[in-house]
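Undergrad: Take this structure, written in structure tokens, and hold onto it; I'll ask about it next.
Rule-based calculations on the coordinates, nothing more; no lab input. On a predicted model such as this, the values are computed, not experimentally measured, just so you know. Every residue, glycine as well, gets a Cβ built from its backbone with ideal geometry; the counts of neighbours run over all protein chains shown.
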Ligand code: SF4
């Protein structure tokens with residue numbers, strides 16, 4: 001099953017032999033955790049297919065001084081065996097400040113295009129940022145264009161306009177600040193404070209905006225906010241999270257007494273209403289590590305559950321309803337190998353656009369620092 005990839009550059013045209021003792025020694029110890037995360041992966045498949053790629057990638061990273069940043073939605077063979085940093089989009093952006101990432105000549109972004117653009121925006125200019133797929137789209141990032149942003153601004157003069165990090169650089173270049181699923185509520189509060197307004201615009205995810213609005217209302221009603229804040233948005237959505245429904249959560253509870261259900265804030269409001277916790281992918285991981293529930297379901301992309309299962313032997317992850325992101329799943333272990341060997345699918349952003357895209361990112365960091373100082 002081992003597959004040779006034809007690579008002309010560097011004269012690398014074959015993967016290592018799966019029976020090479022060095023390959024076995026470097027990869028065999030991962031198998032139990034990988035099999036727990038995905039019981040469909042047999043030992044034979046592991047040895048003959050995954051192991052040679054993983055060994056080759058580990059060697060290439062050393063030879064080329066490369067690091068791999070992987071989103072939580074990557075499959076366990078990527079997150080556990082070749083990734084240097086695994087996290088949500090905010091953590092992957094911040095990873096460019098880490099010493100090992102700063103020293104690298106090549107950064108492979110095992111994500112989708114908008115996240116690779118964030119890495120490109122934050123990396124040193126002389127570092128190569130590679131996306132291991134020619135696609136890497138996203139329904140949410142594609143739901144808004146620069147023209148949409150200009151129309152929104154024209155219709156709402158003077159209001160702060162913030163874009164979710166799940167947008168492309170041409171959209172980010174036009175907004176006042178970025179936000180992520182981890183800091184949406186804090187950014188809405190800080191924007192209302194900084195602009196001295198009771199209305200803020202958060203595009204393009206209508207569900208994330210609605211869920212942020214609910215949380216702001218709760219804080220206001222609990223007397224924790226100076227003003228009532230209204231969130232205006234745009235009709236975008238994530239094709240993965242919007243598939244979840246109230247009935248999915250109710251069915252999971254009925255079939256699994258005692259289950260703890262975690263939902264991503266890109267899900268519809270009704271899903272969050274029925275769930276026990278809502279947060280970004282990294283907030284979900286922190287929740288299960290702190291609370292140690294015996295049985296968990298995650299209303300988010302399938303690999304998030306697989307990665308938690310791989311890392312937590314004592315936890316049962318109920319994955320019957322999980323939804324797959326076709327864009328994240330374009331990144332494969334073969335694609336990472338190919339990108340590293342050929343150094344292709346480089347992400348580039350022109351100077352002026354890079355500067356404009358960096359401005360709202362810096363604004364987010366400054367606003368979060370103010371928010372942290374105030375609390
Ligand atoms: S999970 Fe949703 S937001 Fe994330 S890349 Fe896929 S489509 Fe985009």
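Undergrad: Starting from the alpha-carbon convex hull of the chain, give the projected area averaged over all orientations, in nm².
TA: The Cα convex hull of the chain, projected and averaged over all directions, gives 19.2 nm².
Undergrad: Which distance in nm do the two modelled labels at residue 19 and residue 45 give, with both placed 7 Å along the Cα-to-Cβ direction?
TA: 2.3 nm
Undergrad: A follow-up question, please. Against the longest principal axis of the chain, how steep is helix 302-311, in degrees 0 to 90 to the nearest 10, with axes from Cα atoms?
TA: So the inclination is approximately 60 degrees.
Undergrad: Something else now. Rounding to the nearest 10 and keeping the result within 0 to 90°, find how far the Cα-based axis of helix 51-64 lies from the longest principal axis of the chain.
TA: Compared with the principal axis, the helix lies near 70 degrees.
Undergrad: Find how many whole Å separate the alpha carbon centroid of segment 224-253 from the alpha carbon centroid of segment 275-306.
TA: First find each Cα centre; the distance between them is then 17 Å.
Undergrad: Please report 277, 114 as a ranked list, fewest other C-beta atoms within 10 angstrom at the top and most at the bottom.
TA: 277, 114
Undergrad: Still on this structure, I have one more. Per DSSP H run of at least 4 residues, take -39500 (n - 2.57); add these up for the chain, divide by its residues and hand me the 222 nm value, nearest 500 deg cm²/dmol.
TA: -13000 deg cm²/dmol
Undergrad: Enter the mean projected area of the convex hull around the alpha-carbon atoms of segment 241-318, in nm², rounded to one decimal.
TA: Reported value for the Cα convex hull: 4.4 nm².
Undergrad: When 350, 230 are ordered from fewest to most other Cβ atoms inside 10 Å of their Cβ, what list results?
TA: Ascending number of Cβ neighbours within 10 Å: 350, 230.
Undergrad: Pairs of alpha-carbon atoms within less than 8 angstrom and 6+ residues apart define the contacts here; what relative contact order does the chain have, in percent?
TA: With pairs under 8 Å counted, the relative contact order is 20 percent.
Undergrad: Cut-off 10 angstrom, C-alpha nodes, Gaussian network model of the chain. Which of 237, 278, 245 fluctuates the most?
TA: Residue with maximal mean-square fluctuation among 237, 278, 245: 245.
Undergrad: Another one. Counting only DSSP beta bridges with both residues in the chain, tell me the antiparallel percent, nearest 5.
TA: Bridges in the chain are about 5 percent antiparallel.
Undergrad: Name the residues of segment 73-98 whose amide N is less than 20 Å from a point 7 angstrom out from the Cα of residue 29 along the C-beta direction?
TA: Zone members listed by number: 76-86.
Undergrad: On a C-alpha basis, how far is the centre of segment 31-58 from the centre of segment 129-186 in Å? Whole number, if you could?
TA: Cα centres, segment 31-58 to segment 129-186: 37 Å.
Undergrad: In what sequence do 336, 347 fall when counting other Cβ within 10 Å, fewest first?
TA: Sorted ascending by nearby Cβ count, the order is 347, 336.
Undergrad: Set the Förster radius R0 to 51 Å, insert the Cβ-Cβ distance between residue 320 and residue 98 as r into 1/(1 + (r/R0)^6), and round the FRET efficiency to 0.05.
TA: Once rounded, the FRET efficiency stands at 0.90.
Undergrad: Please give, to one decimal in nm, the separation of the simple spin-label points placed at residue 344 and residue 232, each 7 Å out from Cα toward the Cβ.
TA: That separation, rounded to one decimal, is 4.6 nm.
Undergrad: Here's another thing I want to ask about it. Helix 146-155 sits at what angle to the longest principal axis of the chain, using alpha carbons and giving 0 to 90 degrees rounded to 10?
TA: So the inclination is approximately 10 degrees.
Undergrad: Here's something else I'd like to know. Under 10 Å, Cα contacts only: if you run a Gaussian network model on the chain, which one of 52, 125, 265 comes out with the highest mean-square fluctuation?
TA: Fluctuation is largest for 125.
Undergrad: A follow-up question, please. Extending each Cα 7 Å along its Cβ direction at residue 154 and residue 269, get the distance between those two points in nm, one decimal.
TA: Inter-label distance under the simple model: 3.0 nm.
Undergrad: Moving to a separate point now. Over the chain, with a Gaussian network built from C-alpha contacts below 10 Å, which listed residue (116, 104, 177) shows the highest mean-square fluctuation?
TA: Fluctuation is largest for 104.
Undergrad: Sticking with this structure for a sec: Residue separation times 0.36 nm, minus the C-alpha to C-alpha distance between residue 247 and residue 295: what's the value?
TA: Gain on stretching residue 247 to residue 295: 15.4 nm.
Undergrad: Turning to a different aspect of this structure: From Cα pairs below 8 angstrom and at least 6 apart in sequence, can you work out the relative contact order of segment 241-318, rounded to a whole percent?
TA: Dividing the mean separation by the residue count of segment 241-318 yields 30 percent.
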